[in-house]
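The values are calculated or read from the model by the stated rules, or taken from the named source; none is laboratory data. On a predicted model such as this, the values are computed, not experimentally measured, just so you know. When we count neighbours, we look across all protein chains shown, and the Cβ atoms used for this are built from the backbone with ideal geometry, even at glycine.
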Amino acid sequence: MIHHNYLLKNIIYKNFFLLTFIIVLSSCQKKEHLVQVEGIRIEINDTIPNNLDIEAFIKPYRLHVNKTLDSVLAYAPEAYSKRDGILNTAIGNLMADIVLEQSNPFFMSKTKNAIDMVLLNHGGIRASIPKGNITARTAYQVMPFENSIIVAEMKGIHIRKLIEYLQKARKAHPISGLKLTVDKDFNIVSALINNTEINDEEVYFVATNDYLYNGGDEMYFFEHAERTHKLNYKIRNAMIDYFTKVDTISPIIDDRFLQIN
């Protein structure tokens with residue numbers, strides 16, 4: 001996690017360099033085209049001594065940011081890690097369920113349809129949720145990326161490509177609304193959406209994030225989407241909104257992706 005002093009110092013120095021560059025260009029008497037720009041690389045890191053004037057300037061902003069990030073939103077009775085399960089984890093189930101629950105009202109108001117399922121990626125979970133108070137900082141640690149939620153319209157025949165991906169990955173990619181059961185060789189025993197068999201010609205509304213929709217983690221099956229809907233809603237913000245409205249979280253490892261002998 002980037003130290004606040006370092007981050008703010010970086011922003012200020014970069015803005016100072018940009019402002020100086022603009023002033024130099026503005027001071028030119030002849031308004032001719034730019035021939036050459038030269039510059040040097042100045043590394044901004046923790047070895048640069050603190051500037052008291054800059055520190056005084058950013059202090060109130062730092063205090064405000066820290067107060068906001070550290071405000072208690074909910075409580076975790078246990079610690080939750082993405083390493084706790086094989087094919088599904090409590091923290092992954094929580095994230096997928098949050099996306100489904102928090103996105104549905106937006107999506108339904110926009111399209112009059114409900115989201116059928118959610119698919120995220122195991123690698124997108126960047127930290128555990130420790131036992132104790134959950135804050136906005138917790139959400140930033142778990143999901144530090146600026147990923148936004150996208151809903152893709154996909155026919156059942158292409159949902160099967162998604163399922164094949166999960167069969168081959170054999171990893172706890174977070175899902176919600178989809179229930180998979182596989183045998184010891186990872187052959188599909190059952191694949192249900194909303195507890196119903198998948199119809200190859202039916203269109204399903206699949207919520208994911210923009211990174212995965214664009215082929216991240218080799219999820220190329222999203223290229224078969226017939227239409228997409230951008231909700232302009234970040235996953236991290238969905239998490240914060242969810243934590244704000246609940247008192248205590250209680251995610252569990254369940255049978256949404258299950259292997260049987």
>> Residues that are out of contact with any Ser or Thr (no Cβ under 8 Å at 6 or more places or on another chain), within 30 Å of GLU78 (Cα to Cα), assigned by TED's automatic domain parsing to the domain that holds SER103 and surrounded by fewer than 16 Cβ atoms within 10 Å (Cβ to Cβ): does the stretch 212-225 have at least one?
In response: no
> Hey, any hits in the stretch 165-180 for a residue that's within 18 Å of the chain's Cα centre (by Cα), under 18 Å from TYR220 (Cβ atoms) and aliphatic (A, V, I, L, M)?
Replying inline: yes
> Exactly one of (1) touching a residue at least 12 places away in the same chain (Cβ under 8 Å); (2) surrounded by fewer than 23 Cβ atoms within 10 Å (Cβ to Cβ) is unmet by MET154. Its number?
Replying inline: (2)
>> closer than 23 Å to TYR220 by Cβ and not aromatic (Phe, Trp, Tyr): is that true of ASP116 in this structure?
In response: yes
>> Consider the stretch 170-209. How many of its residues are within 20 Å of LEU120 (Cβ to Cβ) and without any contact (Cβ under 8 Å) to a residue 40 or more places away in the chain?
In response: 2
> Looking only at the stretch 138-151, which residues are crowded, with 23+ Cβ neighbours inside 10 Å and not in a helix (DSSP H, G or I)?
Replying inline: MET143, ILE149, ILE150, VAL151
>> I'd like the full set of residues that are part of a helix (DSSP H, G or I) and in contact with a helix residue (DSSP H, G or I) (Cβ under 6 Å, 6 or more places away or on another chain), limited to the stretch 100-137.
In response: GLN102, ALA136, ARG137
> For the stretch 229-257, how many residues meet the condition of being within 24 Å of LYS168 (Cα to Cα) and either buried (at least 16 other Cβ atoms within 10 Å of the Cβ) or of a type in the set (Phe, Trp, Tyr) (or both)?
Replying inline: 3
